[in-house]
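Following: one structure in structure tokens, then a few remarks.
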Amino acid sequence: MRTQISLIALAAGLLGTAAAAEPATLTIRFANIAPAQGALMVAVYDSQAAYDGGQPVAATGAPVSGPTAEIVVPGLAEGDYAFKLFHDVNGNG
């Protein structure tokens, strides 16, 4: 069973004080996760076209073992991003 949730979030000005050549880290925190099992899977996009059907600039996940979780996406260029998320409750992808 897979619970699908699509979210659009702007990480505007990701580490705005960092030099443009330095990679930044995006941290996404989730709360009130239920059921507290499985994994959260995230794909990160750097444009509307990519979000609408292209390739993500990063994809990662985090295990769920309680009501909160955190996903860290390192190595992003400074800019605006959107992400899609799903909660894979039973590990069937």
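The values are calculated or read from the model by the stated rules, or taken from the named source; none is laboratory data. Everything quoted here is computed from the prediction, not taken from an experiment. Methodologically, a virtual Cβ is constructed for each residue, glycine included, from the backbone with ideal geometry; neighbour enumeration extends over all protein chains shown. Remember, those area values only see protein heavy atoms, side chains included, never the ligands or the DNA or RNA. Shrake-Rupley method; radii C 1.70, N 1.55, O 1.52, S 1.80 Å.
In table form, for the structure just shown:
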| item | result |
| --- | --- |
| Of all residues in region 60-76 being surrounded by 14 or more Cβ atoms within 10 Å (Cβ to Cβ) and out of contact with any Gly (no Cβ under 6 Å at 6 or more places or on another chain), the one that is farthest from A34 (Cα to Cα) | L76 |
| Residue satisfying condition, being of a type in the set (S, T, N, Q) and in contact (Cβ under 8 Å) with a residue 12 or more places away in the chain, within set Q55, Q37 | Q37 |
| Filter result (surrounded by 11 or more Cβ atoms within 10 Å (Cβ to Cβ), under 26 Å from V89 (Cβ atoms) and at pLDDT 50 or above) within region 1-36 | L26, I28, F30, I33, P35, A36 |
| Meets criteria (at pLDDT below 95, open to solvent by 50 Å² or more (accessible area, probe 1.4 Å) and not hydrophobic (A, V, I, L, M, F, W, C)) for D80 | yes |
| Any hit, region 37-49, residues being small (G, A, S) and open to solvent by 70 Å² or more (accessible area, probe 1.4 Å) | yes |
